[in-house]
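Reviewing the structure listed below.
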Amino acid sequence: MVRQGARHRFAALWFIFCALLSIFNICTIYIFDGLDWPYYAVLLNAVISFLGIVYHMHVDEKRSVEGHFRKVVPHLLFMLNSLMVFPMLFLSLFTLSGEYHNVLTADATVTSPEQIRQAVADVQKDVTILQTDDLYIYYADYDRLDYITEKRPSRDDKSILMCVAGAFQSTYQLSFNEDNIVGWHTSNGRLERGAPQSGLGAFTYVDGVAHIWDVDEAEGAVREAAERGGLGYQSFVVLKDGERGSFRTHEFRCYRVLAILDERACIIDSCTLTHFDDFVQKLREFGVTDAIYSDMGSGWNYSWYRDADGQPQTIIGMPWQLSHNWLVFREGTQ
């Protein structure tokens, strides 16, 4: 009887522990990933944990005299929670891993796009990190851009100056599937239709010219890029000709855009976690007129650049096996 009581107390403590973990998971997923399926998964985990606590508080004492059925219920709850709590915790940590920059040291501080060219000339690096009060600007001295799907570009490829996540992906997948990339996309003349999504603009790079397209022009622009052997993919327009796009989100996180500054493609991140409206306002205050959302979603926002010593430096995220398309800034012949 003493051993059975200790076992019951252990089970109750386990359910309390799982409930606390579930609260952490719920807060993390909701803040950084919104009301997507992971949120409802961790919510279910929390419900099971609280049911386990209630059961042990009100039913456990009667369990030995109420029959076999009441013995099975807590065992099933215990098993389900044991199976769910650790994957849910991993999912939360997976989400958090992509929300904080590694330590970055800016090469120069700028207050307007007009200062970029002089700052880059003064620094003379392949990738110059510029900073405003609220933004990091990664300005690569690239010779060409590549859009790569399926196989992650190698950090050992010395021609790569910077690598960032490209288009959205519709689901978490370990294996590559072209349909998992959201929207139309093309590389080396190969046109692909990914998961359909309304309201997308596009980024294209054709004959050395980078361009951001509004929603009504996007599909045609990607098709033309394919015909001309360029690259392109779709994403949400953040700014076009200085006007804000229709994309909205209430998530609190680090945000990123692919922007056109001084007729060159560059990457701009928020320095810290922020709200999307504030991020867009800072972009406009700096003078960004054309920008498209560059995926900083949980898990596949891994990005890196090559420093002055030729060593790859991670900007943000971890190389999880869930990311399947990238934009690469490369030196070499056009």
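The values are calculated or read from the model by the stated rules, or taken from the named source; none is laboratory data. Since the structure is predicted, the reported quantities are computational estimates derived from the model, not experimental observations. A quick note on method: Cβ atoms are made from the backbone with ideal geometry, for glycine too, and the neighbour counts reach across all protein chains shown.
If you go through the stretch 255-264 and pick out every residue that is over 16 Å from PHE236 (Cα atoms) and out of contact with any Pro (no Cβ under 9 Å at 6 or more places or on another chain), you end up with 2. When the residues of the stretch 172-198 are filtered to those that are hydroxyl-bearing (Ser, Thr, Tyr) and either touching a strand residue (DSSP E or B) at 6+ places or on another chain (Cβ under 7 Å) or within 22 Å of GLU219 (Cα to Cα) (or both), the one that is modelled with the highest pLDDT is THR186.
Within the stretch 267-298, the set of residues being in contact with a helix residue (DSSP H, G or I) (Cβ under 7 Å, 6 or more places away or on another chain), assigned to a loop (DSSP other than H, G, I, E, B) and surrounded by 24 or more Cβ atoms within 10 Å (Cβ to Cβ) comprises just one member, SER298. For ASP307, the requirement of being within 19 Å of ARG144 (Cα to Cα), in the same structural domain as ASP141 (by TED's automatic domain parsing) and acidic (Asp, Glu) is met.
Within the option set PHE168, PHE247, being in contact (Cβ under 8 Å) with a residue 60 or more places away in the chain, over 24 Å from ASP262 (Cα atoms) and aromatic (Phe, Trp, Tyr) holds for one residue only, PHE168. Among residues of the stretch 101-127 being of a type in the set (A, V, I, L, M, F, W, C) and over 21 Å from GLY310 (Cβ atoms), the one that is surrounded by the fewest Cβ atoms within 10 Å (Cβ to Cβ) is ALA119.
From the list VAL164, VAL237, the one residue that fits, being farther than 16 Å from GLU150 by Cβ, assigned by TED's automatic domain parsing to the domain that holds ASN325 and either among the polar types (S, T, N, Q) or at pLDDT below 95 (or both), is VAL164. Residue-level analysis places ARG264 among those that are surrounded by fewer than 20 Cβ atoms within 10 Å (Cβ to Cβ), touching a residue at least 40 places away in the same chain (Cβ under 8 Å) and not aromatic (Phe, Trp, Tyr). Looking across the stretch 236-248, the residues that are surrounded by fewer than 18 Cβ atoms within 10 Å (Cβ to Cβ), assigned to a loop (DSSP other than H, G, I, E, B) and in contact with a strand residue (DSSP E or B) (Cβ under 9 Å, 6 or more places away or on another chain) come down to SER246, PHE247. Only one of the numbered conditions (1) closer than 25 Å to ALA218 by Cα; (2) over 19 Å from the mean Cα position of the chain (by Cα) is not met by VAL123, and that is (1).
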